[in-house]
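Every number in this text was worked out from the coordinates using simple rules, so none of it is lab data. Computed from a predicted structure; not experimentally measured. Reconstructed Cβ throughout: ideal geometry from the backbone, glycine too, with neighbour counts over all protein chains shown.
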Amino acid sequence: MSPGPSRGRTAGADAASRRGPERRWQLVRAGSDAVPPSTRRFMRRARQRRMRAALPWAVAAGVAVLAGLVAWTLLGTGLFGVREVRVTGNDLVTAVQVRDAAAVPDGMPLAQVDLAGVADRIGKLPPVERATVSRQWPDRLLVEVVERTPAAVVPRAGRFAVIDSSGTVFRDLAEPPPGLPVARVATPGRDDPGTRAALDVLAALTPELRAQLVDVTVEGLARITVRLRGDRKVIWGDATRGETKARVATALLSRKADTIDVSAPDVVTFR
């Protein structure tokens with residue numbers, strides 16, 4: 001005789017009671033007290049080490065970004081572009097001539113301006129001995145000009161070339177400037193030996209000779225003559241031993257002589 005349904009349910013319940021109560025698993029977060037102190041210290045130190053290791057890289061990245069931003073602002077934008085070229089120290093040249101020679105476009109980033117190149121271009125103006133160029137932030141270039149100092153005037157073709165102590169011709173005038181000594185040379189210029197000789201003689205003259213000077217004539221490197229007022233002249237010879245020749249000629253100015261020859265200053269003649 002087969003068991004009925006009630007016996008089947010009873011057998012299942014008996015089996016479940018023999019297995020014990022059913023277990024249900026659930027994940028929970030352990031409290032901080034559940035982690036041993038030594039483990040917590042180890043984990044904290046590990047985090048600190050990672051932060052210290054990453055800090056230099058973070059700082060470097062920030063600096064690089066900031067530097068790139070500054071460079072882009074200065075070099076890549078017109079925010080700090082040239083708005084003015086200010087010129088000081090000029091007299092023989094105009095500010096317009098200096099700005100034209102500088103050739104700096106308006107709005108060019110100030111940081112991109114080649115200061116040495118600008119100074120060189122301005123220095124090629126004949127009256128300019130040298131120029132100094134500097135930046136004045138945010139938008140100005142300052143050009144400080146030092147002009148040549150005249151040392152002598154050279155007559156040529158009905159006009160007068162003004163030269164400085166290096167022999168550089170930097171002005172051409174219809175009339176000679178007052179107070180400048182006259183040097184008569186064939187081809188005045190920085191590289192001309194006759195010009196150099198005339199300037200050496202002028203530099204050696206004593207105040208007494210300069211006070212009576214009419215001109216210095218260079219007919220050849222060993223044929224230099226110093227003309228004085230009253231149709232007097234000093235035969236100078238070449239430009240060597242200038243101070244000795246000047247001292248001897250000055251000592252003989254009181255003599256009644258039209259010509260004083262100091263070309264060999266150890267054996268002086270006059271007539």
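Values for this structure:
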| read-out | value |
| --- | --- |
| Segment 105-142: trypsin sites (Lys or Arg not before Pro) falling in loop per DSSP and having at most 14 other Cβ within 10 Å | Lys124 |
| Distance between modelled label sites at Arg229 and Ser166, nm, 7 Å Cα→Cβ extension | 3.4 |
| Full-extension gain in nm, Thr206 to Arg86, via 0.36 nm per residue minus C-alpha separation | 39.0 nm |
| Neighbour net charge for Leu141 - beta-carbon separation under 13 angstrom, K R +1, D E -1 | +1 |
| Residue list for segment 111-138, given a label point 7 angstrom along the Cα-to-Cβ vector of Glu144 and an amide N cut-off under 12 Å | 131-135 |
| Added length on full extension, which subtracts the Cα-Cα distance from 0.36 nm per residue, Asp191 to Leu253 | 19.0 nm |
| Euclidean distance of C-alpha centroids, segment 99-124 and segment 249-271, integer Å | 55 |
| Residues of type lysines that Lys256 reaches as a straight line, Cα spacing below 26 Å, ignoring anything fewer than 8 places off in the same chain | Lys233, Lys245 |
| Magnitude of the charge dipole, segment 91-131, Cβ model with Lys/Arg +1 and Asp/Glu -1, debye to 20 | 60 |
| In segment 203-269, the trypsin sites (Lys or Arg not before Pro) that fall in loop regions by DSSP, at most 13 other Cβ within 10 Å | Arg229, Arg255, Lys256 |
| 10 °C / 1.306 mPa s Stokes-Einstein diffusion coefficient of segment 223-271, Kirkwood radius on C-alpha pairs, µm²/s | 151 |
| Net dipole in debye of segment 144-248 [+1 Lys, Arg Cβ; -1 Asp, Glu Cβ; about Cα centre; nearest 20] | 400 |
